[in-house]
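The values are calculated or read from the model by the stated rules, or taken from the named source; none is laboratory data. Model, not experiment: these values are computed from the prediction. Counting neighbours? That spans all protein chains shown, and the Cβs are built from the backbone with ideal geometry, glycine included. We work out accessible area using only protein heavy atoms, side chains counted, and drop any ligands, DNA or RNA first. Shrake-Rupley method; radii C 1.70, N 1.55, O 1.52, S 1.80 Å.
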Amino acid sequence: ACPTGALTEKDNTQQVIDAINDPEKVVVVQTAPAVRAALGEEFGMPIGTNVEGKMVAALRRLGFDKVYDTDFGADLTIMEEATELLHRLQSEEIPIPQFTSCCPAWVKFAETYFPEYLPNISTTRSCIAMEAAMIKTYFAEKMNLDPSKIVSVSVAPCTAKKFEIRRPEQNKSAEYWKNEELRDTDYCLTTREFAQWLRDEGVDFKEVEESA
């Protein structure tokens, strides 16, 4: 909302394109749940249209090697947060209520203005963060891939997710592989940037055949 435009999101689309064009890289993308309900609006569809199938097909057309859904990470988060809540309720030392940790904007807001509530925030990582760590650990092992060759991309509705992936603690894959250069998520694109990329490539989104 800055009237002079001093604050603008940093677009990493070109870096993602460069990674896709690098034959040495395996480029994996995960899409946040809100993207499928917002992307269609960029192409003149009614607000809230579920375009999941077209979205997946469009990502494959852009050249991503693997397309995954952040819902998997959300399932992990639900299980972890529920377990933590039960632990809190059984403990007299850990404060309740428990607040979600999934929104990096809210977490940063609390860190800056309400640090007294930090003990109430779940220690669980966000859905995107958790799935990204799985991609560079579990997925890498199952697919027999060098994690340093994996480029992990997330498509999310909020610019705060760009901030989140640069936080120093978002490096669990680096700890797992003992490789300080690894980041769990390498790049984050917003829904708007994804839509612009499709337009730049001349993809007629409405005509894209759906894919699972």
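Please enumerate the residues belonging to region 37-60 that are assigned to a helix (DSSP H, G or I) and either among the small types (Gly, Ala, Ser) or at positive phi (or both). Lay out the reasoning, then the answer.
First pass over region 37-60, keeping only residues assigned to a helix (DSSP H, G or I): 37-43, 52-60.
Within region 37-60, Ala37, Ala38, Gly40, Gly53, Ala57, Ala58 qualify.
Consider Val35 carefully, then state whether it is touching a helix residue (DSSP H, G or I) at 6+ places or on another chain (Cβ under 8 Å), at pLDDT 95 or above and over 20 Å from Phe139 (Cβ atoms).
yes
Quick one: is Val155 open to solvent by less than 70 Å² (accessible area, probe 1.4 Å), touching a helix residue (DSSP H, G or I) at 6+ places or on another chain (Cβ under 6 Å) and touching a residue at least 12 places away in the same chain (Cβ under 8 Å)?
Considered against the rule, which asks whether it is open to solvent by less than 70 Å² (accessible area, probe 1.4 Å), touching a helix residue (DSSP H, G or I) at 6+ places or on another chain (Cβ under 6 Å) and touching a residue at least 12 places away in the same chain (Cβ under 8 Å), Val155 comes out as yes.
What pairs can you find where one residue is in region 97-109 and of a type in the set (Phe, Trp, Tyr), the other is open to solvent by less than 50 Å² (accessible area, probe 1.4 Å), and their Cβ atoms are less than 6 Å apart, with a gap of 6+ or different chains?
Phe99/Asn120; Phe99/Ile121
Of all residues being charged (D, E, K, R) and surrounded by fewer than 19 Cβ atoms within 10 Å (Cβ to Cβ) in region 158-171, which is nearest to Arg36 (Cα to Cα)? Just the residue, please.
For region 158-171, the residue satisfying everything is Arg166.
May I ask you to list the residues in region 1-19 that are under 18 Å from the mean Cα position of the chain (by Cα) and open to solvent by less than 60 Å² (accessible area, probe 1.4 Å)?
Passing the criteria: Asn12, Thr13, Val16, Ile17, Ala19.
Given the options Thr83, Thr123, name the one that is of a type in the set (Val, Ile, Thr), touching a residue at least 24 places away in the same chain (Cβ under 8 Å) and surrounded by fewer than 17 Cβ atoms within 10 Å (Cβ to Cβ). Quick ask: steps written out before the conclusion?
Numbers: Thr83 fails: touching a residue at least 24 places away in the same chain (Cβ under 8 Å).
Selected residue: Thr123, the only one of Thr83, Thr123 that is of a type in the set (Val, Ile, Thr), touching a residue at least 24 places away in the same chain (Cβ under 8 Å) and surrounded by fewer than 17 Cβ atoms within 10 Å (Cβ to Cβ).
For Lys25, are the conditions met, namely being open to solvent by 30 Å² or more (accessible area, probe 1.4 Å) and under 19 Å from Ile135 (Cα atoms)?
Details: open to solvent by 30 Å² or more (accessible area, probe 1.4 Å): yes; under 19 Å from Ile135 (Cα atoms): yes.
Judged against the criteria, Lys25 is a match.
Which one of the conditions (1) touching a residue at least 60 places away in the same chain (Cβ under 8 Å); (2) more than 16 Å from Cys103 (Cα to Cα); (3) open to solvent by less than 10 Å² (accessible area, probe 1.4 Å); (4) among the polar types (S, T, N, Q) does Thr191 fail to meet, given that it meets all the rest?
Among (1) touching a residue at least 60 places away in the same chain (Cβ under 8 Å); (2) more than 16 Å from Cys103 (Cα to Cα); (3) open to solvent by less than 10 Å² (accessible area, probe 1.4 Å); (4) among the polar types (S, T, N, Q), the lone unmet condition for Thr191 is (3).
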